[in-house]
Amino acid sequence: MVTFISMASTGSAVVGTANAGSPAGVLVAANELRKSVVIYNNSSNTIYLSQNAGSDNGFPLFSQASITDEDSTTVWYGYAASSSNVRYIETSTPEGQ
């Protein structure tokens, strides 16, 4: 599920859900206009975050924890031993600005 929220001339926010599992899957797609993204582990499992496909040894994100990325525009992948629910909110600048 993805929800788009318009923020007029200041940009937009996208709220969505994804699943981390084995093999690693895309949690948040690359976005050249991204200003920031918050990724929240909504499961009881530890998930491992990476910006490399197929990585199963990324940064651990414990149950009910979140991480904020204000620097990158690349894809985020998630790996977990079993299917794990992830929530995210991503803000971006208006196109052309």
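The values are calculated or read from the model by the stated rules, or taken from the named source; none is laboratory data. For clarity, every value in this text was computed on a predicted model and none was experimentally measured. Backbone-built Cβ (ideal geometry, glycine too); neighbour counts: all protein chains shown.
Overview of results
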| quantity | calculated |
| --- | --- |
| Residue selected from the stretch 1-19 under the condition over 10 Å from the mean Cα position of the chain (by Cα) and aliphatic (A, V, I, L, M), by the criterion modelled with the highest pLDDT | VAL14 |
| SER72 being more than 17 Å from VAL14 (Cα to Cα) and either among the polar types (S, T, N, Q) or in a loop (DSSP other than H, G, I, E, B) (or both) | no |
| Residue in the stretch 37-52 that is modelled with the lowest pLDDT, counting only those that are in contact with a strand residue (DSSP E or B) (Cβ under 6 Å, 6 or more places away or on another chain) and of a type in the set (Gly, Ala, Ser) | SER50 |
| The stretch 85-97 - residue that is at negative phi and more than 13 Å from the chain's Cα centre (by Cα) and, of those, modelled with the lowest pLDDT | GLN97 |
